[in-house]
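Q: Shown below is the structure under consideration.
The values are calculated or read from the model by the stated rules, or taken from the named source; none is laboratory data. All values derive from a computational prediction rather than experimental measurement. Here the Cβ is made from the backbone with ideal geometry for all residues, glycine too, and neighbour counts use every protein chain on show.
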Amino acid sequence: MVNPVVVVEYDPHWPELFQFFRARIMTALGGLATAIEHVGSTAVAGLAAKPIIDMDVLLVSEDALPAGIERLANLGYAHQGDLGIPERDAFLAQAGESPHHLYVCPPYSREFQRHLALRDYLRSHSKEAKAYGDLKQALALRFAHDRAAYIAGKEAFVRELLGRAISNEC
């Protein structure tokens, strides 16, 4: 595998890196976006993670996607479609940039809401965040060259955390 699974200890510079990307993307999208959120493990202080910033953009309307695709292309992002996940379009950053994933979501996106719920839950439940980080580190060591197995190994735990996160919102 050219790109092995690597999980590292939390880097306190991740929020700064997110803010850099956020400012650039918000400037490009202007009024097309209502929010740009730092999601995923790098958004949770103290959580071990793959050193890749995950960002979700929430559009003002579903109709804003074509203009968003064009504006993001001007920044060098390549639209990849939904990659099999409804209500979330993925964009590939230019080679040579700090690793990050960019997802653009319509206002009603369940994926956007799930990402926020899980992030916020982990931010407020340090024991679960630590357990999740430990699991990811163990899986990365075991499946460094098998990304699908790494992802599958986390699936049940993430589903359980997400269930708790959603029930906390009610």
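Q: Report, by residue number, each residue of the range 84-104 that is surrounded by 17 or more Cβ atoms within 10 Å (Cβ to Cβ) and hydrophobic (A, V, I, L, M, F, W, C).
A: Scanning the range 84-104 gives 90, 91, 93, 102, 104.
Q: Go through the range 1-54 and give me each residue that's among the β-branched types (Val, Ile, Thr) and closer than 30 Å to residue 148 by Cβ.
A: 2, 5, 6, 7, 8, 25, 36, 39, 42, 44, 52, 53, listed by residue number.
Q: Identify, please: which residue in the range 120-170 is in contact with a Pro (Cβ under 9 Å, 6 or more places away or on another chain) and part of a helix (DSSP H, G or I) and is, among those, surrounded by the most Cβ atoms within 10 Å (Cβ to Cβ)?
A: 140
Q: Then there is this: I'd like the full set of residues that are in contact with a helix residue (DSSP H, G or I) (Cβ under 7 Å, 6 or more places away or on another chain) and within 22 Å of residue 15 (Cβ to Cβ), limited to the range 82-101.
A: We begin by selecting, within the range 82-101, every residue in contact with a helix residue (DSSP H, G or I) (Cβ under 7 Å, 6 or more places away or on another chain); these are 85, 87-89, 91, 98, 100.
Answer for the range 82-101, where residues must be in contact with a helix residue (DSSP H, G or I) (Cβ under 7 Å, 6 or more places away or on another chain) and within 22 Å of residue 15 (Cβ to Cβ): 91, 98, 100.
Q: Same structure, new question: Got a number for residues in the range 63-78 being surrounded by 13 or more Cβ atoms within 10 Å (Cβ to Cβ) and more than 19 Å from residue 42 (Cβ to Cβ)?
A: Initial filter on the range 63-78 (surrounded by 13 or more Cβ atoms within 10 Å (Cβ to Cβ)): 64-65, 67-69, 71-73, 75-77.
Subsequent filtering for residues that are more than 19 Å from residue 42 (Cβ to Cβ) retains 64-65, 67-69, 71-73, 75-76.
Number of matching residues: 10.
Q: Residue 60 passes all but one of (1) over 20 Å from residue 23 (Cα atoms); (2) over 11 Å from the mean Cα position of the chain (by Cα); which number fails?
A: (1) is the only condition that residue 60 fails.
Q: Conditions first: (1) surrounded by 13 or more Cβ atoms within 10 Å (Cβ to Cβ); (2) closer than 30 Å to residue 26 by Cα; (3) modelled with pLDDT of 95 or more. Residue 81 passes all but one, so which condition is the exception?
A: With (1) surrounded by 13 or more Cβ atoms within 10 Å (Cβ to Cβ); (2) closer than 30 Å to residue 26 by Cα; (3) modelled with pLDDT of 95 or more applied to residue 81, the lone miss is (1).
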